[in-house]
1. Name every residue in region 203-232 that is under 29 Å from GLY81 (Cα atoms) and crowded, with 20+ Cβ neighbours inside 10 Å, in order of residue number.
2. Residue check: is LEU92 more than 18 Å from the chain's Cα centre (by Cα) and either part of a helix (DSSP H, G or I) or more than 22 Å from LEU38 (Cα to Cα) (or both)?
3. Restricting attention to region 108-120, report how many residues are buried (at least 24 other Cβ atoms within 10 Å of the Cβ) and out of contact with any Cys (no Cβ under 8 Å at 6 or more places or on another chain).
4. Just the residues that are out of contact with any Asp or Glu (no Cβ under 9 Å at 6 or more places or on another chain) and surrounded by 19 or more Cβ atoms within 10 Å (Cβ to Cβ), please, taken from region 276-286.
5. Quick one: would you say GLY234 is touching a residue at least 40 places away in the same chain (Cβ under 8 Å), in a helix (DSSP H, G or I) and under 20 Å from ILE120 (Cα atoms)?
6. Please determine whether any residue of region 90-103 is modelled with pLDDT under 90, over 15 Å from THR204 (Cβ atoms) and either buried (at least 16 other Cβ atoms within 10 Å of the Cβ) or out of contact with any strand residue (DSSP E or B) (no Cβ under 8 Å at 6 or more places or on another chain) (or both).
7. Considering only residues of region 28-58 that are among the aromatic types (Phe, Trp, Tyr) and part of a helix (DSSP H, G or I), which is surrounded by the most Cβ atoms within 10 Å (Cβ to Cβ)?
8. Tell me, yes or no, whether region 207-230 has at least one residue that is under 30 Å from PRO25 (Cα atoms), assigned to a helix (DSSP H, G or I) and not aromatic (Phe, Trp, Tyr).
Amino acid sequence: MTTKRSAPDLPSVPFPPYSAGLDRPGRGILLSLASTLLFSVLWCCVKDLSDRYPVYEVAFFRNFFAIVPIALLLAPRRSWGMLRVRRISGHLWRAAIGVIGMVFGFLSYHLMPLADAIAISFMTPLVVTALSVPLLGEKVGIHRWSAVIIGFGGVLVIVNPSRGMFTPGVSVAICGAIASALSLITIRQLNKSDPPLTIVFYFTVFTTLFTALPLPFLWVTPSGADWGLLVLMGLTGGVGQYFMTRAYGLAPAAVISPFSYSGLLWATVLGWLLWNDAPMPHVFAGAAVVIASGLYILYRETRRKARVTPPSRSAS
């Protein structure tokens, strides 16, 4: 029986493990910032297009046009054999969960200010930590449980239920964050046997197929100008995903992850410029708590990995 060499498990991010041979933190940080900016452009396209088209149709084009940059990345490698996977069912399951998270996330951008929706989405790492206990059998200590509880308190600050802010948009955003967390957990399992570009490829192909299923019943023909936004949305999503994946290959997660939170800054600026949406102070306060909790969990996870990793130049 032939066994494949599996990749090591990951902390809480869907990207390749850090390699000491590719220790280029400066370049990794720049790629992370660029990817977050590209994702912010995608968010704005989604928010604008969802006013005129069904969310499923928007999600379809986001995935369909994202195939283009992924195919361009695969073609020069001439290693199509990397598309052979051990368990195709795992990729199907991940895509199904991913579609749910994507649709809920896109709908939240439509129902509430962009910065508010992005702030709530930051609870995803907290949900990953909480669900890793029953789903992955991981042990979570008192420090990380405390961070999870405090982080969820930050989400309540963002939602501000005492002022009647628990709107349908908030409910949808929370459901999207939970579905995204389940998708990340699935990626952690897939990373043990399949390379990141393979995972991204199958996710994009399967989500394109899944979101195409209801199109005959929901289709609205895009206008000429909107075609440009649909293409831009897909390309920024595909390129942004690759930049983020590459960033985590150039530097440790502890270095790269904090810069992904710059998305809140971009969402705030773009939301204010395009829709005159200015987040309330409680949104920033709650987001600060959620971000701090997520960074603390990352810190504890990094320390745990360092304790179980044999001493080496990369495990300092």
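The values are calculated or read from the model by the stated rules, or taken from the named source; none is laboratory data. Given the structure is predicted, the values throughout are model-derived calculations rather than measurements. Methodologically, a virtual Cβ is constructed for each residue, glycine included, from the backbone with ideal geometry; neighbour enumeration extends over all protein chains shown.
1. Passing the criteria: PHE203, THR204, PHE206, THR207, THR208, PHE210, THR211.
2. Taking the combined requirement at face value, the residue does not satisfy it.
3. Here the count works out to 8.
4. GLY286
5. For GLY234, the condition - touching a residue at least 40 places away in the same chain (Cβ under 8 Å), in a helix (DSSP H, G or I) and under 20 Å from ILE120 (Cα atoms) - is not met.
6. Yes, the conditions are met somewhere in region 90-103.
7. TRP43
8. Scanning region 207-230 turns up no residue that is under 30 Å from PRO25 (Cα atoms), assigned to a helix (DSSP H, G or I) and not aromatic (Phe, Trp, Tyr).
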